[in-house]
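Working notes, beginning with the structure itself.
The values are calculated or read from the model by the stated rules, or taken from the named source; none is laboratory data. Everything quoted here is computed from the prediction, not taken from an experiment. Ideal geometry is used to build each Cβ from the backbone, glycine not excepted, and the neighbour counts take in all protein chains shown. For the accessible areas, the whole protein counts, side chains as well, though only heavy atoms, and no ligand, DNA or RNA atoms are used. Shrake-Rupley method; radii C 1.70, N 1.55, O 1.52, S 1.80 Å.
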Amino acid sequence: MRASDRAYDVLKEDILQWRLVPGTVLGETEQSERLGISRTPLREAITRLAAEGLVDTQRGRAGVVTDVSPANLPELFELREALETQAARLAARRRDAATFEQLREDFLSAPASLVDGASGYYELVARLDAAIDVAIANPFLLASLAGLRNHLARVRRLAQDNPSRLAESVSEHLLIVQAILDRDEMLAAQATAVHLRKSLANLLDAVATGDAVSNSTKGTP
C-alpha cells in the first residue's frame, strides 16, 4: 500500500471515530512523525480528505478537521432521504432473495443484547447497508452514498444511544428488509423515509435537551 493511501486510511478512521475531533489542526510535522511518512504523501492524503469534506484546507497550510454542526442536520438528512429511498427502491427491484432472507432472520432473531448493546445493532445495520449497496447495482448512486456516510458516521457521535430508540429502529429496519424481499418498491422507500425522519427527530431532540456525549462514544441510529 502506498504511503499516501495508508495515511488517508488512518486519518479518515481517526476522524470518523472522533480520535481527531472537529477543529484539530493536522500539522504536517506532527502527523508525518505519527504516521511514519514524509510530508508529500501526507499532503496527498489530506487533499483527498478535503475533497470528501472531512478536512478544511482553506485556513492555512495545515488541514483542519471540519466541524459537525447540529444546525446542518436537517439538510444532511434531506440528502440522506433522497439517496436512501432511491436505493431502497432499486434494492427491491434487483435484490438477491437469499441475502435479504438471511437479514430478515437476523433482525427477527436479534437477542435482547442487540438493543441493549449498540455495537450489535450497528453491525447488523452495516450488513443491511452493504446488501443494499450490492443490490442497487448503480456505481454512481453508490459513490454518493459512500460520501454521505462519512458525515453520518460523525453525526452519530452527537447523542447518547437510546435503548428504546434502538429497539424501535430494529423494527423499522425489519420492515425495510421485508419490503425489499417482497419487491415492494414503494413500501421499501416509504419505510426508509419514516425511519430516517424518526432518526433525525431523535437526534435533534437529544441535541436540544443537552443529551450529547463526549467525542469518544457512539451516537443514535
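Data table
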| read-out | value |
| --- | --- |
| Breaking point among (1) open to solvent by 80 Å² or more (accessible area, probe 1.4 Å); (2) more than 26 Å from residue 204 (Cβ to Cβ); (3) touching a Leu at 6+ places or on another chain (Cβ under 8 Å), for residue 79 | (2) |
| Residue match in the range 166-175 (condition: open to solvent by 60 Å² or more (accessible area, probe 1.4 Å), within 17 Å of residue 197 (Cα to Cα) and modelled with pLDDT of 95 or more) | yes |
| Odd one out for residue 199 among (1) modelled with pLDDT under 90; (2) under 15 Å from the mean Cα position of the chain (by Cα); (3) among the small types (Gly, Ala, Ser) | (1) |
| Members of the range 136-156 that are open to solvent by 20 Å² or more (accessible area, probe 1.4 Å) and either in contact with a His (Cβ under 6 Å, 6 or more places away or on another chain) or touching a residue at least 60 places away in the same chain (Cβ under 8 Å) (or both) | 144, 147, 151, 153, 156 |
| Residues located in the range 3-27, provided they are among the hydrophobic types (A, V, I, L, M, F, W, C) and open to solvent by less than 60 Å² (accessible area, probe 1.4 Å) | 3, 7, 10, 11, 15, 16, 18, 20, 21, 26 |
| The one condition in (1) modelled with pLDDT under 85; (2) buried (at least 17 other Cβ atoms within 10 Å of the Cβ); (3) of a type in the set (Gly, Ala, Ser) that residue 131 fails to fulfil | (1) |
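Okay, residues lined up against (1) open to solvent by 20 Å² or more (accessible area, probe 1.4 Å); (2) touching a residue at least 12 places away in the same chain (Cβ under 8 Å); (3) closer than 18 Å to residue 146 by Cα:
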site: 29; (1), (2), (3): yes, no, no
site: 38; (1), (2), (3): yes, yes, no
site: 44; (1), (2), (3): yes, yes, no
site: 53; (1), (2), (3): yes, yes, yes
site: 65; (1), (2), (3): no, yes, no
site: 69; (1), (2), (3): yes, no, no
site: 72; (1), (2), (3): yes, no, no
